[in-house]
Amino acid sequence: DKVRGGGITPDEAAMLLANDLAQCDADLQNFPWYKDLAGPRRHAILEMRFQLGHDGFRCFRKMMAAIASGDWTAVCTEAADSTWAKQTPKRAGEVIEQLRS
């Protein structure tokens, strides 16, 4: 049921989310290392990109360099040592745990 006075249905919300995630995934294809990610790590990076947006995600230059070199300890350190992790500690903690795996 639609909310009185407007709003969107759950199906519409799911469609909008799917479109947003597809745009984030398409953007991440610009990073050569993204294609090699699978499973939880790919999901974690997609979630970060979704939450932080185009420009915010690109502020994680050291983290992305660590991904490219396969240094997952440094990836997690860089993600944890950020304003993002301080502002959204629960969500960031979950993403960082996915990056460790």
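The values are calculated or read from the model by the stated rules, or taken from the named source; none is laboratory data. The model shown is predicted, which means the values in this text are computed figures rather than measured ones. In this analysis, Cβ positions are derived from the backbone assuming ideal geometry, glycine residues included, and neighbour counts consider all displayed protein chains. Note: areas computed on protein heavy atoms with side chains; ligands, DNA, RNA excluded. Shrake-Rupley method; radii C 1.70, N 1.55, O 1.52, S 1.80 Å.
Report, to the nearest whole %, how much of the accessible area of the stretch 16-72 belongs to carbon and sulfur atoms, 1.4 Å probe, protein only.
The nonpolar share, carbon plus sulfur, comes to 57 percent.
From the square roots a ≥ b ≥ c of the eigenvalues of the alpha-carbon gyration tensor of the stretch 32-101, which class results: rounded (a/c under 1.5), prolate (a/b over b/c), or oblate?
rounded
Cα to Cα, under 14 Å, and not fewer than 8 places away if on the same chain: which aspartates and glutamates meet these conditions relative to Lys35?
Within the straight-line cut-off, Lys35 pairs with Asp25, Asp27.
With unit charges on the beta carbons (Lys and Arg positive, Asp and Glu negative) and the dipole taken about the Cα centre of the chain, which residue among Gln51, Met15, Thr88 sits farthest to the positive side?
Thr88
Please turn the phi angles of the stretch 39-51 into ³J(HN,Hα) values with the Karplus equation 6.51 cos²θ - 1.76 cosθ + 1.60 (θ = phi - 60°), one per residue in order, whole Hz, x for glycine and proline.
With the stated coefficients, the stretch 39-51 comes to x, x, 5, 4, 4, 4, 5, 4, 5, 4, 4, 4, 5 Hz.
Report ³J(HN,Hα) in whole Hz for each residue of the stretch 6-17, in order, from the Karplus equation J = 6.51 cos²θ - 1.76 cosθ + 1.60 where θ = phi - 60°; Gly and Pro get x.
Once rounded to whole Hz, the list reads x, x, 10, 7, x, 5, 5, 4, 5, 5, 5, 4.
Any chance you could give the angle, 0 to 90 degrees and rounded to 10, that helix 89-100 forms with the longest Cα principal axis of the chain?
Between the helix axis and the principal axis of the chain, the angle is about 50 degrees.
Send over a whole-number figure in Å² for the accessible area per residue of the chain, probe 1.4 Å.
Ligands and nucleic acids excluded, the result is 63 Å² per residue.
When the Karplus curve 6.51 cos²θ - 1.76 cosθ + 1.60 is applied with θ = phi - 60°, which whole-Hz ³J(HN,Hα) does each residue of the stretch 59-72 get, with x for Gly and Pro?
With the stated coefficients, the stretch 59-72 comes to 6, 8, 4, 5, 5, 5, 5, 5, 4, 4, 8, x, 8, 6 Hz.
Based on Cα coordinates alone, diagonalise the gyration tensor for the stretch 5-56, multiply each eigenvalue by 5, take square roots, and list the semi-axes in whole Å, largest first.
26, 11, 9
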